[in-house]
Amino acid sequence: MRANMKVARSAASDRAADRCDIPCFKGQLVRRLRAALPDDDTLEDARVLFGALADRHRLKLLHALQGGHELCVCDIAHVLGTSVSTASHHLRKLRDLNILKYRNDGKMAYYSLRDPFAAQLVTLALRRTPT
């Protein structure tokens, strides 16, 4: 029982440490920064995009398609070094988010970039040298 009370007190003191009771010294700057924040819909779109990019296969996929290439699912599977099923899963995710476009030609399914922004973001991230 005592251990639980200590844990509860510790958690309460941790929450209190996260709160700032100091008055805002740079009120004008804070108001300007808050006014410049994107709206919730824009932030949600960015969160979804970063979620889509949070996978090694999808990063490779976007990197491969950034040159304006159109590839069939089986070629993409070979580029990724995965099964066709795994490639299809990642392609569908990016297509559902309107990052990729899709076209059918008989039994073949081809993918290319609809919006190059995601691929450009991947390229920039891969060029970045960690500090």
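With a simple spin-label model that places each label point 7 Å from the Cα along the Cα-to-Cβ direction, the separation between A46 and Y110 comes to 3.6 nm. You can think of it this way: the chain between A54 and R127 has 24.6 nm of extra reach, that is 0.36 nm per residue less the Cα-Cα gap. Straightening the chain between D21 and L37 buys 3.5 nm, computed as 0.36 nm per residue apart minus the Cα-Cα spacing. With coordinates expressed along the principal axes, the C-alpha atoms belonging to the chain extend over 66, 47, 31 Å, beginning with the largest.
Once you have a ≥ b ≥ c as the square roots of the Cα gyration tensor eigenvalues for region 47-87, tell me rounded if a/c is under 1.5, and otherwise prolate or oblate according to whether a/b is larger than b/c. Here region 47-87 falls in the oblate category.
Once the Cβ-Cβ distance between N98 and L29 is put in as r, and R0 is 41 Å, what FRET efficiency do you end up with, to the nearest 0.05? About 0.65, to the nearest 0.05.
Taken together, the values in this text are just the output of simple stated rules run on the coordinates, not laboratory data. What you see is a predicted model, and the numbers here were worked out from it, not measured in a lab. Positions of Cβ are generated from backbone atoms using ideal geometry, with glycine treated the same way; all protein chains shown enter the neighbour counts.
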